[in-house]
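One structure is given here, and the rest of the page talks about it.
Just so it is clear, none of the values below were taken in a lab; they were calculated from the coordinates. Quick caveat: nothing in here was measured; it's all calculated off a predicted structure.
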Amino acid sequence: MSIIDNENTGSSKDYKSLVEVISNRLGYLPGLTIVLDIYSKKRYNKNFIRLILEDIKSAYDVLVDVLESSESAEIILTYILEALIHDETLINKILSDLKKGKKLSIKELLRSS
């Protein structure tokens, strides 16, 4: 159900594919992407794409802080996740878990999907 299959989640090729998919999706939001990168580098010492891959909760928090709205953060995060995970139920579960403060990573989610 994801852009990569469960057997190959650990390779650098797959990591590069994930980065490319997220970059392409964020490419439609260039101004916002610059702000998100600067903010996430200052707060977490990671660019926003790396933050999404390693810690979706922190990426969600960056979106909430920058956009000053949890609803807007959910819209943008859903937009990004739809490119990676083609399962609306799973995306809704991820958003619900994030609101509860649960830490998640894209790699873990893709292994389990």
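Determine the gain in length on full extension of the stretch residue 75-residue 97; use 0.36 nm per residue of separation and subtract their C-alpha separation, reporting nm with one decimal.
6.4 nm is the gain from fully extending residue 75 to residue 97.
Direction-averaged shadow area of the convex hull around the Cα atoms of the chain, nm²?
6.3 nm²
Suppose we look only past 14 Å in the calculated P(r) of segment 51-113. What percent of the Cα-Cα pairs does that tail hold?
Tail of the P(r) past 14 Å holds 52 percent of the pairs.
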